[in-house]
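The values are calculated or read from the model by the stated rules, or taken from the named source; none is laboratory data. Owing to the predicted nature of the structure, the values given are computational and were not obtained by experimental measurement. Counting neighbours? That spans all protein chains shown, and the Cβs are built from the backbone with ideal geometry, glycine included. To get the accessible areas, we keep the full protein, side chains included, count just its heavy atoms, and leave off ligands, DNA and RNA. Shrake-Rupley method; radii C 1.70, N 1.55, O 1.52, S 1.80 Å.
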Amino acid sequence: MAVEFQASRTRENLMRAFAGESQARNRYTIAADAAKKQGLYSIQQVFLFTADQERAHAERYYGLLKNLSGTTIEISGGYPVDHFDDVVKLLKKAEHNEMEEADDVYQAFGNVAKEEGFLEAASAFFQIAEVEAVHGRRFRKLAELLEQNKYFECEGNGQWMCMNCGHIQSGKLVPPMCPVCRYERGYFIPVEIAPYLGFDFIKK
Ligand SMILES: [Fe+2]
Ligand SMILES: [Fe+2]
């Protein structure tokens, strides 16, 4: 049933989504600091990279509220407190939150928007849900590698990229410092992460 935008549930859901994305962005910049403190500089960069994408989502939702500029939208919602020092825990909580957005929250918001006749908002919810699923898989993969002690070493022949200078290191493990730029090993990221970031570092 079509409804007026200013009386819609979709306007509230857009504000909830804007709040959620804004918080995700900040949580990831704070998580990036935790990773940095532990010398995991490449994970710091992945958190910051993802935080920028959350900002883009926030901007998209905020843009869909532009017609209501000058008004206030009251919402209620539940938002996570995931303030941990442990990077694996941060990654796992981030994965959980991303998957909740992807599978539940944005699907529900998209369906309401469709019912109410706001097709552009509906498609934004569904499209961003897909990105959040990519984020969820990205964080899960990082958590798995760290937890299994495979982030800096592997059984077979692995490849890592120094995120400072771009050097590709092959072998069983990452040296204590990059042989090219001399930055510490925390700058290296396993090349197998590349598809989870949405690109490949190297052409085979
Ligand atoms: Fe997002
Ligand atoms: Fe996300």
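Inspection of region 145-165 identifies no residue that is hydroxyl-bearing (Ser, Thr, Tyr) and more than 30 Å from His96 (Cβ to Cβ). Only one of the numbered conditions (1) in a helix (DSSP H, G or I); (2) open to solvent by less than 80 Å² (accessible area, probe 1.4 Å); (3) touching a residue at least 24 places away in the same chain (Cβ under 8 Å) is violated by Ile75, and that is (1). In region 57-72, the qualifying residues are those that are open to solvent by 50 Å² or more (accessible area, probe 1.4 Å) and out of contact with any Phe, Trp or Tyr (no Cβ under 6 Å at 6 or more places or on another chain), and the one that is farthest from ligand 2 (Cβ to nearest atom) is Gly70.
Residue by residue, here is whether (1) farther than 17 Å from Arg138 by Cα; (2) touching a helix residue (DSSP H, G or I) at 6+ places or on another chain (Cβ under 9 Å); (3) open to solvent by less than 40 Å² (accessible area, probe 1.4 Å) holds:
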position: Gln148; (1), (2), (3): no, no, no
position: Glu153; (1), (2), (3): yes, no, no
position: Gln159; (1), (2), (3): yes, yes, no
position: Gly166; (1), (2), (3): yes, no, yes
position: Cys178; (1), (2), (3): yes, yes, yes
position: Ile189; (1), (2), (3): no, yes, yes
position: Glu192; (1), (2), (3): no, yes, no
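The C-beta contact set for region 43-66 (first residue not assigned by TED's automatic domain parsing to the domain that holds Ala113, second residue among the aromatic types (Phe, Trp, Tyr) and more than 10 Å from ligand 1 (Cβ to nearest atom), distance under 9 angstrom, 6+ apart or interchain) is empty.
Do you know which of the residues in region 78-92 that are open to solvent by 60 Å² or more (accessible area, probe 1.4 Å) and farther than 19 Å from Ile128 by Cα is nearest to ligand 2 (Cβ to nearest atom)? Please lay out each step first, then the result.
Keep residues of region 78-92 that are open to solvent by 60 Å² or more (accessible area, probe 1.4 Å), which gives 78-79, 81, 83, 85-86, 89, 92.
Subsequent filtering for residues that are farther than 19 Å from Ile128 by Cα retains 78, 81, 83, 85-86, 89, 92.
Numbers: Gly78: 17, Val81: 17, His83: 18, Asp85: 22, Asp86: 20, Lys89: 17, Lys92: 14 Å.
Restricting to residues being open to solvent by 60 Å² or more (accessible area, probe 1.4 Å) and farther than 19 Å from Ile128 by Cα, the top hit is Lys92.
Among the residues of region 2-29, write down those that are part of a helix (DSSP H, G or I), away from ligand 1 (no atom under 16 Å from the Cβ) and open to solvent by 10 Å² or more (accessible area, probe 1.4 Å). Lay out the reasoning, then the answer.
Filtering region 2-29 down to residues part of a helix (DSSP H, G or I) leaves 5-7, 9-29.
Now drop any that are not away from ligand 1 (no atom under 16 Å from the Cβ), which leaves 5-7, 9-12.
Hits for region 2-29 are Phe5, Gln6, Ala7, Arg9, Arg11, Glu12.
When the residues of region 117-132 are filtered to those that are open to solvent by 20 Å² or more (accessible area, probe 1.4 Å) and either more than 16 Å from ligand 1 (Cβ to nearest atom) or within 19 Å of Arg25 (Cα to Cα) (or both), the one that is nearest to the chain's Cα centre (by Cα) is Val131.
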